[in-house]
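Below you'll find the structure, written out as C-alpha cells, and then a few comments.
The values are calculated or read from the model by the stated rules, or taken from the named source; none is laboratory data. Computed from a prediction, not measured in an experiment: that's the story for all the values here. Glycine also receives a Cβ, built like all others from the backbone with ideal geometry; neighbour counts cover every protein chain displayed.
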Amino acid sequence: MSGLSRRDVVKLGSAAAAFGIGFPAVLRAQPKEVVMLGLWSFTGAFSDVGPVLDRGMKLALEERGMKVQGKTIKYITRDDETKAGSATRRAEEAVDSDGAKFIIGPWSSGVALAVSEVAKRKKVFHYFSGGTEDISGARCHRYSFQWAASPYTAAKTVVDTFMQANPKAKRWHLLVADYAFGWSVEKYIKEVGKGHGIEFVGADRHPLGEREFSNYVTKAAGNKPDVVAMINFGLDAVTGAREIFNFGLTPKVPLILTWSSGVEELVQLNPEIRENLWVGSNFYYTADTPIAREFVKSYQAKFGNPPGYAPAAAYGMTRMTLAAMDKAKSTEVADVVKALEGLELDDLVGRMRVDAKTHQTLRPYFFMRCKKKDAMKGPMDFADIIATGATPLPAEYAACKDIGSL
C-alpha cells in the first residue's frame with residue numbers, strides 16, 4: 001500500500017464500513033481445512049483403548065482421502081488421560097490454538113460429560129459413544145451427540161434375550177462401575193428386570209480401574225445368584241471375569257458382560273473363562289451389514305485382528321459426522337449440527353437415525369454368547385450374535401426436555 005496516501009487509506013476504510021464489512025474483513029480468509037480432534041485415552045484407566053480408537057477414526061478419514069466438501073481434513077489427537085480436567089483443558093487448547101471445530105470422543109462417560117460442557121461453551125461439534133444417558137438426557141444440548149445405543153436399548157436387548165433362554169435364572173447379582181456409565185446401565189437393567197420377575201440379590205459398585213475383585217466376588221458367591229452381571233468395561237471387566245472364574249463361580253453360573261468392548265476384552269480371557277459368558281456390545285465384527293463387512297476387511301488387513309467396539313465407534317462416529325457435512329454441503333458447525341439432527345441412513349451397524357429432540361443415535365445393540373473352545377473355528381472366533389435389539393428409550397423415561405438453541 002506504499003502508493004496510497006493516508007487520506008486514500010482512510011477513504012477505503014470508510015467505504016468498507018459503509019458496506020458493513022469492516023476494513024479488516026477485506027484481509028480475512030476463510031479456512032481451507034477442517035480440523036477434527038480425536039480426544040482419546042492414551043494414558044490412564046482406558047489407555048489400552050486409545051490407540052485402537054485412533055485407528056478407527058483415521059480409517060474413516062482415509063477412506064475419504066482426508067477431504068470433505070472440497071476442503072482438506074486435518075486430524076489431530078490429544079490425550080485425555082481418562083481425566084475430566086485433562087480432557088477439558090486439552091479440548092479447549094485444540095479449539096483455541098489449532099482451530100478444532102469437531103471433537104470425536106473421549107471414551108469415558110464421566111470425562112465425556114465434562115467435554116460436552118466445553119463443546120457447548122465453545123460452540124463446537126461433539127460426538128461421543130458411551131453408556132451414560134445424560135448426554136442425550138438431563139444434560140442434553142445442541143452441540144453434543146451420542147452414537148452408542150441408549151442404556152435402555154442395551155438393557156432391554158440383554159435382559160429380554162437372556163431370560164428367554166434362561167427363564168428360571170431369577171436371582172441376579174450385579175457388579176457395577178461406579179460412575180455415570182455404570183449408573184445408567186444399572187438403572188435400566190433393574191427396570192427391565194421387573195418385567196421378568198428378577199430379584200437383584202446384590203449390587204456392588206467398584207471404582208474405575210479396580211484391580212482387586214476378591215471381596216466383591218466373595219460377597220456375590222454368598223448371595224447364591226443364578227446369574228452374575230457385570231456393568232463395567234475394559235480392564236475392569238477382564239479382571240472381574242478372571243476373578244469370578246478363579247473363585248469357581250463360573251462357568252457353573254452364567255456371567256454377563258452387559259456392555260462390552262467385544263474383541264478387545266474377549267481376546268484377554270482364556271477359553272475356559274468364556275465358556276458360559278454372555279456379552280452385550282455396540283458392535284461385533286460378524287455384524288452382517290455391507291459397511292461392517294468392508295470395515296472389518298480393511299481393519300483386519302491393516303492391523304491383523306478384527307475390530308472391537310472401540311475402533312468401530314470411532315469409525316462410525318466419524319462416518320456419521322462426514323455424512324452430516326455432505327448433507328449440509330457445509331463444514332460450518334451450526335450447519336452440520338442441523339444436518340445430523342434427524343439424519344437417517346444405513347451405516348455401520350444397520351439402520352441408524354439421529355433423534356433430533358435428544359441427539360441420541362437410534363440403532364441396533366448386539367448380544368452374543370461365547371463359544372466353547374472346541375466350537376471355535378479360529379483363534380478370534382469368540383462368540384455368535386444371538387440377538388440384536390433396537391427398542392428406543394420410552395418417552396416417559398426421557399430426561400431431555402429441551403435440546404436448546406445454537
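Summary table below
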| read-out | value |
| --- | --- |
| GLY350 touching a residue at least 24 places away in the same chain (Cβ under 8 Å) and closer than 27 Å to LEU257 by Cα | yes |
| Test: residue in region 302-316 that is without any contact (Cβ under 8 Å) to a residue 24 or more places away in the chain, more than 20 Å from GLN69 (Cβ to Cβ) and not polar (S, T, N, Q) | yes |
| Matching residues in region 301-325 - criterion: being surrounded by fewer than 16 Cβ atoms within 10 Å (Cβ to Cβ) and in a helix (DSSP H, G or I) | ALA301, LYS302, PHE303 |
| Matching entry among GLY105, GLY131, GLY182 (being farther than 30 Å from THR72 by Cα, assigned by TED's automatic domain parsing to the domain that holds VAL49 and in contact with a strand residue (DSSP E or B) (Cβ under 8 Å, 6 or more places away or on another chain)) | GLY131 |
| From the options ILE256, ILE231, ILE244, residue that is surrounded by 18 or more Cβ atoms within 10 Å (Cβ to Cβ), assigned by TED's automatic domain parsing to the domain that holds TRP172 and more than 30 Å from PHE128 (Cα to Cα) | ILE244 |
| Condition check for THR161: buried (at least 22 other Cβ atoms within 10 Å of the Cβ) and polar (S, T, N, Q) | no |
| Some residue of region 310-331 being of a type outside the set (A, V, I, L, M) and under 22 Å from ALA155 (Cα atoms) | yes |
| Number of the exception - GLY262 against (1) over 28 Å from ALA60 (Cα atoms); (2) touching a Gly at 6+ places or on another chain (Cβ under 8 Å) | (1) |
| Filter result for the condition that a residue is over 19 Å from MET57 (Cα atoms), at pLDDT 95 or above, surrounded by 17 or more Cβ atoms within 10 Å (Cβ to Cβ) and assigned by TED's automatic domain parsing to the domain that holds GLY56, over LYS338, LYS329 | LYS338 |
| Enumeration of residues in region 69-97 that are touching a residue at least 60 places away in the same chain (Cβ under 8 Å) and surrounded by fewer than 20 Cβ atoms within 10 Å (Cβ to Cβ) | GLN69, LYS71 |
| Residue check, HIS173 farther than 20 Å from PRO394 by Cα, outside the structural domain of ASN232 (by TED's automatic domain parsing) and buried (at least 24 other Cβ atoms within 10 Å of the Cβ) | no |
| Scan of region 284-300 for residues that are in contact (Cβ under 8 Å) with a residue 60 or more places away in the chain, assigned to a helix (DSSP H, G or I) and either of a type in the set (Gly, Ala, Ser) or farther than 16 Å from MET380 by Cα (or both), ordered by number | PHE295, SER298 |
| Checking PHE145 against (1) touching a helix residue (DSSP H, G or I) at 6+ places or on another chain (Cβ under 9 Å); (2) buried (at least 24 other Cβ atoms within 10 Å of the Cβ); (3) not assigned by TED's automatic domain parsing to the domain that holds MET352, the condition it does not meet | (3) |
